[in-house]
Amino acid sequence: MAEDQGFKRINFFKGFVTTTKDWNDAEMYHVEKHKLHNRCFHGAGMVPGYKQELKVRARGRADMSVEVAPGYAIDGQGNDIILYETEIKAINKGDFKLPLTIYFVVKYVEEFTDFISYKENLDFKGHRRIQEKAAIEISITEPDISREVEIARVYLTEDAKKITDAKDPLEPGPNEIDLRYVPRAGVVGGYLPMELINRLRKLIATQRDSYYRMARDKKVLAANSAALGMMTVDMLLESGTVGPQNIMPLLSNIGDLEWDTVNEIEATKPTLKAMKDFGQFKHSVEVFRDLVDEKSLAVDENELINFDSLDQVLAVKEKGTVSLASLVGEEIAPAVLENEESAISQEWTKVKEWSGDLPEVVSIDGQEWTLIDTIDVLNKDSEVAHAFQINEARDSWRARQRIRYPDGVTVEDVGIAHEGGYTSFEIHNVTPNRPVMLLRRMDYARGDFEIEYYANEMRVGISQCAGSDKRFRWRNWPFLIPAEFVTSEVLKVTQKALTAARDINMYRFWFYQAL
């Protein structure tokens, strides 16, 4: 009985002759309603507070076995998985090609019981009950939350003699029980991938300490509030009350407290403001606040939660951790950049705001420009065909954005961003000695940076991306390669990031020539 077809309750009336199907349907109604409640209100994972929480632990013996304590879990379908007694699980190393990671999972299973056969009529027989049970299994594949719940994992090596509890629960070693990836169901929270939660825990611990040091040693009062805010999120994580519905608002509050710290440093701490890492720290906070501004996680075409947006948020936060830690103790003067750019007409600047796929021919300043080539970033075939590469970057990350152009049209696209280093690619179908207009689809929430362009190893100039737009974020940013730099049918372009503490993002390229 699927809820998307509508729930039907059995309705008894005088004279209603029931069948086995009626009674089974009546029971299934309650089962499916309960599973729906579990999925929506509790999420999937181990349920904290029930018995011994399915904890996997070493047996205190020099053998390859562990014990699984009684507990309760909910899988992704909403099934109740209850283990009532401690179960011993032995590992046979001969079953695996070592070294590898093995996973202990608990699954929901049903078993028909209480069989009866009536002597008066042997056609009347069957099982009177269905036993709901928990099955503990060992797997070598990543657990699928829709049908099983991970309760532990172990990185098993060929020389393993026994399985032990982890000496450091945050960094388990080989042949030690790793409980970091056990998902937790909850009353208020919900399912979040444990990999992301563990990253967030480490980030909070590291940045909290840096903010405390900043408050104590540098006398930045707002830093103390940021540290307390992170401690609060840490406590909520430990209580199991953080889930998909509240993770972004919580992080948004952290971003606001961090921005207060940035403002106080700029207003009252000129020494800190002059440090080399302040610009990087400020930029990481800006980008972080932009990403969590939506206050909710993205969903895919099937209306299922897409955790890529949270992964992107954490990637930005991890970058900021380095500059924040350096800010507390290092001081170097900032760099100064030159400014220049090839002239771009007013007509071309209007193309920045055109939404969707650009046309084959555009008329600019009374002249027709023809689309000669495109690069679809993160499309493997397109990248390989154009020798698209990012080189020597300090950091790079992928992104999926569903945002708007200034005309209000929403476009979803995937792209990549990098900090430092340079991007290289080829433009094909080029007619030599004719100017080339390069258009780069970008997220304009991250503006105020400069890019230096080279064509066939000749320096062309610097593209300035001034300002930003945090509401209508898509732009098709233009850069003109004059005719004297267009010397071959395949133009090799280098796009170099210049501005410190600014990442360069790109989602698609269009290339036009006036032929």
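The values are calculated or read from the model by the stated rules, or taken from the named source; none is laboratory data. Computed from a predicted structure; not experimentally measured. Note that we place each Cβ from the backbone using ideal geometry, even for glycine, and neighbour counts take in every protein chain shown. Protein only, heavy atoms only, side chains kept; ligands, DNA and RNA dropped before computing areas. Shrake-Rupley method; radii C 1.70, N 1.55, O 1.52, S 1.80 Å.
Residue 122 contributes about 110 Å² of solvent-accessible surface, heavy atoms of the protein only, 1.4 Å probe. Enter the Cα centre distance for the pair the stretch 447-463 and the stretch 166-210, rounded to the nearest angstrom. One Cα centre to the other: 43 Å.
Computed on the stretch 144-201, with alpha-carbon pairs under 8 angstrom and 6+ residues apart, the relative contact order is 31 percent.
Applying the Karplus relation 6.51 cos²θ - 1.76 cosθ + 1.60 with θ = phi - 60° to the stretch 35-47 yields 3J(HN,Hα) values of 5, 4, 4, 4, 4, 7, 9, 10, x, 10, x, 5, 8 Hz, where x marks Gly and Pro. FRET efficiency for the residue 34 to residue 412 pair, using the beta carbon distance and R₀ = 41 Å, is estimated at 0.70. With 5 Å bins beginning at zero, the pair-distance distribution over Cα atoms of the stretch 357-461 amounts to 2, 8, 17, 22, 22, 18, 9, 2, 0 %.
Within the stretch 384-515, the ratio Rg/Rh, alpha carbon atoms throughout and Rh by Kirkwood, equals 0.96.
To the nearest 20 debye, what is the magnitude of the charge dipole of the stretch 127-202 about its Cα centre, counting +1 on the Cβ of each Lys and Arg and -1 on the Cβ of each Asp and Glu?
400
Listed by chain and number, the aspartates and glutamates whose alpha-carbon sits under 12 Å from that of residue 492, ignoring those within fewer than 8 places in the same chain, are 426, 457. For the chain, the longest principal axis of the C-alpha atoms and the axis of helix 278-292 are separated by about 50°. Shown here: the stretch 24-109, whose C-alpha atoms stretch 50, 28, 23 Å along the first, second and third principal axes, sorted largest to smallest. Farthest towards the positive end of the charge dipole of the stretch 102-216, among the residues 196, 131, 181, is the Cα of 196, using unit charges on the Cβ of Lys, Arg, Asp and Glu. Counting Cα-Cα pairs of the stretch 143-196 in 10 Å increments starting at 0 gives whole-percent bin shares of 23, 43, 27, 6, 1. The angle separating the long axis of helix 247-268 from the principal Cα axis of greatest extent in the chain is about 40 degrees.
Can you list the lysines whose alpha carbon sits under 26 Å from that of residue 219, skipping same-chain ones fewer than 8 residues off? The qualifying lysines are 202, 269, 273, 276, 282, 317, 319. For residue 277, the accessible area of its heavy atoms, probed at 1.4 Å with every protein chain present, is near 10 square angstrom. For the chain, the longest principal axis of the C-alpha atoms and the axis of helix 221-239 are separated by about 30°. Among the protein heavy atoms of the chain, carbon and sulfur supply 49% of the accessible surface, probe 1.4 Å, non-protein parts ignored. Looking at the chain, the accessible area is 51 square angstrom per residue; that uses a 1.4 Å probe and ignores ligands, DNA and RNA. In the stretch 80-145, one over the average inverse separation of all distinct C-alpha pairs is 15.2 Å, which is the Kirkwood hydrodynamic radius.
Coupling constants for the stretch 201-211 follow from the phi torsions by the Karplus curve (6.51 cos²θ - 1.76 cosθ + 1.60, θ = phi - 60°), and in residue order they are 4, 5, 4, 4, 4, 5, 5, 4, 5, 5, 5 Hz; glycine and proline get x. Once all protein chains are placed together, residue 490 keeps about 60 Å² accessible to a 1.4 angstrom probe. Scaling the Cα radius of gyration of the chain by the globular reference 2.2 N^0.38 Å produces a ratio of 1.25. Contact order for the chain, expressed relative to its length and based on alpha carbon pairs under 8 Å spaced 6+ residues apart, stands at 10 percent. As a calculated quantity, the FRET efficiency between residue 129 and residue 65 at R0 = 30 Å, using C-beta atoms, amounts to about 0.40. For the residues 511, 388, a 1.4 Å probe over the protein chains yields an accessible-area ranking, largest first, of 388, 511.
Over the stretch 167-253, the alpha carbon radius of gyration divided by the compact-protein estimate 2.2 N^0.38 Å works out to 1.23.
When the helices in the chain are scored as -39500 (n - 2.57) per DSSP H run of 4 or longer and the sum is shared across all residues, what 222 nm value do you end up with, to the nearest 500 deg cm²/dmol?
Computed mean residue ellipticity for the chain: -9000 deg cm²/dmol.
Straight-line reach from residue 119: taking Cα to Cα under 26 Å and skipping same-chain neighbours fewer than 8 places apart, the lysines in range are 21.
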